[in-house]
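Okay, so here's the structure we're looking at.
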Amino acid sequence: MAEAETSTAVSENGAAAAPVAETEQYTLKVRRFSPESGQGPYWQEFDVELDPTLSVLDALLQFKDREDGSLSVRCSCRAAICGSCGVKINGQSTLACLTQIGEAHEFANRAAGTSGSPDAPKEAVAESSPALTSGSEPIVVEPMGNMPVIKDLVTDMESTHWKKMRRVTPWLLDDGDPPERERIVPPDSMVDITQTIACIQCGACVSSCLSMEADPDFIGPAALAKAYRFVGDPRDVESKERLYDLAQDPHGIYDCTHCFACIDACPKGVAPMDQIMRLRRLAGEQEIVDRNNGHNHEAAFVKIIEKKGTLDESLLLQESYAPGVKGKLIPKPSAIKGLLGSIPTAVRGIRSGKMRSLPKLIPGVHHKLPGDSQEHVKRIFGHAEEHRTELNLYITGEEDELAEPDEDKTSPPEASREPKENQ
Ligand code: SF4
Ligand code: SF4
Ligand code: FES
């Protein structure tokens, strides 16, 4: 990073004007790709000179304006409103116009440093190791992930974002003829969905989603957050049908692995994972038995952690497919099929050490956990249960005798045109 420049502008009549911002020199390392060239992607490094409070998008546009007009980057508002400038900066999916270049540079230096976490407060890092914040690591800018790249930093959002958005019917399904004027709803009934309404469709969550990386057909965080926007809307009359559809889809609400990446990436605080958990909680409350066994699998997780204070993977399969005393003695044919189908997963679990392989180990006791840590986890579980409403928990631990799945509940709900109760 070069020396900072400071100057004071002087107006035509000689009076001192507002001070001109300090500028610094930054190096950007951009992943570029030009389909016409017939060659693969490559990295290009270049320098820009900017006020540290300006954005990475400003840096890209400066380079495009002054050095190479062929650099492709999508943007419009430059104010974190339109959602068009999604990229990855230093590996994190975000908006280029919302990321200050000075902060991105400090992050790059901290991430490359031998000490300090990239998430450590910058003051602490600067104090302990000034070299880390004044280093010369380039700011790495890449196109968003999980999407085909059209050119340089411009991705094709059709197949991974807009198509999935349409998949969840992203409009209100109301009841019959429109009213003469607007439908009035109590403001309180909308509080639950205001978070999802803040979405600007930037795709940063989709770009960072680990499940989508493994299963490109996963409906994904943005579209599922949008689904909750209507499931939770008291004016929508098809929330039950929407929930049934999203629960039964093998790439639906139970395909999320709770990795939190979409929460970290979202620039608008939509917290897509939380919305997916709300959908799951409502599907559970509606007693929708999904063909993916997702609800039972979650219930098994919760039950094992509540009782053992750790996740014992060797109990998980059985509890997921044949829960409760009765289920263990007389498993349903579907449970036997599910258990048999999971044998390869179990073998991989034993090989990787995730599942106990030696019968002498006590079930539910984790040999690597020190002292009474499992008791601590049980206490945390109890606390979470006590405060589940305020923590927006979506499922509870269930006793040994879990409800027997009711085959009828796998049938689609009767289409109801009755307006639903407020969520
Ligand atoms: S929490 Fe779920 S939806 Fe969000 S990024 Fe992770 S897997 Fe994807
Ligand atoms: S949920 Fe957040 S990250 Fe995802 S598209 Fe909407 S605003 Fe962007
Ligand atoms: S340019 Fe509009 S959100 Fe960045």
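Okay, here's what the table says:
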| item | result |
| --- | --- |
| Tally, over segment 136-168, of residues that are of a type outside the set (A, V, I, L, M, F, W, C), open to solvent by less than 20 Å² (accessible area, probe 1.4 Å) and over 21 Å from the mean Cα position of the chain (by Cα) | 1 |
| Residue in segment 252-265 that is closer than 16 Å to His161 by Cα, open to solvent by less than 30 Å² (accessible area, probe 1.4 Å) and within 16 Å of ligand 3 (Cβ to nearest atom) present | yes |
| Flag if Gly220 is within 13 Å of ligand 2 (Cβ to nearest atom) and at positive phi | yes |
| Candidate set: segment 29-60, residues that are among the small types (Gly, Ala, Ser) and not in a strand (DSSP E or B); chosen: the one surrounded by the most Cβ atoms within 10 Å (Cβ to Cβ) | Ala59 |
| Flag if Arg291 is in contact (Cβ under 8 Å) with a residue 60 or more places away in the chain, assigned to a loop (DSSP other than H, G, I, E, B) and either open to solvent by 30 Å² or more (accessible area, probe 1.4 Å) or within 23 Å of Thr155 (Cβ to Cβ) (or both) | yes |
| Residue selected from segment 184-206 under the condition open to solvent by less than 80 Å² (accessible area, probe 1.4 Å) and more than 28 Å from the chain's Cα centre (by Cα), by the criterion farthest from ligand 1 (Cβ to nearest atom) | Pro186 |
| Qualifying positions in segment 63-91 - farther than 14 Å from Cys202 by Cα and either open to solvent by 70 Å² or more (accessible area, probe 1.4 Å) or more than 16 Å from ligand 1 (Cβ to nearest atom) (or both) | Phe63, Lys64, Asp65, Arg66, Glu67, Asp68, Gly69, Ser70, Leu71, Ser72, Ile89, Asn90 |
| Count - residues of segment 61-94 that are within 9 Å of ligand 3 (Cβ to nearest atom) and in a strand (DSSP E or B) | 1 |
| So Val289, is it closer than 24 Å to Asn90 by Cα and either in contact with a helix residue (DSSP H, G or I) (Cβ under 6 Å, 6 or more places away or on another chain) or in the same structural domain as Ala79 (by TED's automatic domain parsing) (or both) | no |
| Number of positions in segment 338-361 that are open to solvent by 100 Å² or more (accessible area, probe 1.4 Å) and modelled with pLDDT of 80 or more | 1 |
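Here is a yes/no grid of residues against (1) away from ligand 1 (no atom under 15 Å from the Cβ); (2) in contact with a strand residue (DSSP E or B) (Cβ under 9 Å, 6 or more places away or on another chain); (3) within 17 Å of Gln92 (Cα to Cα):
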site: Ser208; (1), (2), (3): no, yes, yes
site: Gly220; (1), (2), (3): no, no, no
site: Val231; (1), (2), (3): yes, no, no
site: Cys256; (1), (2), (3): no, no, no
site: Ala271; (1), (2), (3): no, no, yes
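The values are calculated or read from the model by the stated rules, or taken from the named source; none is laboratory data. In this text the structure is predicted, and so the values were computed from the model without any measurement. Cβ atoms come from the backbone with ideal geometry, glycine included; neighbour counts cover every protein chain shown. The accessibility values were calculated without ligands, DNA or RNA, using every heavy atom of the protein model including side chains. Shrake-Rupley method; radii C 1.70, N 1.55, O 1.52, S 1.80 Å.
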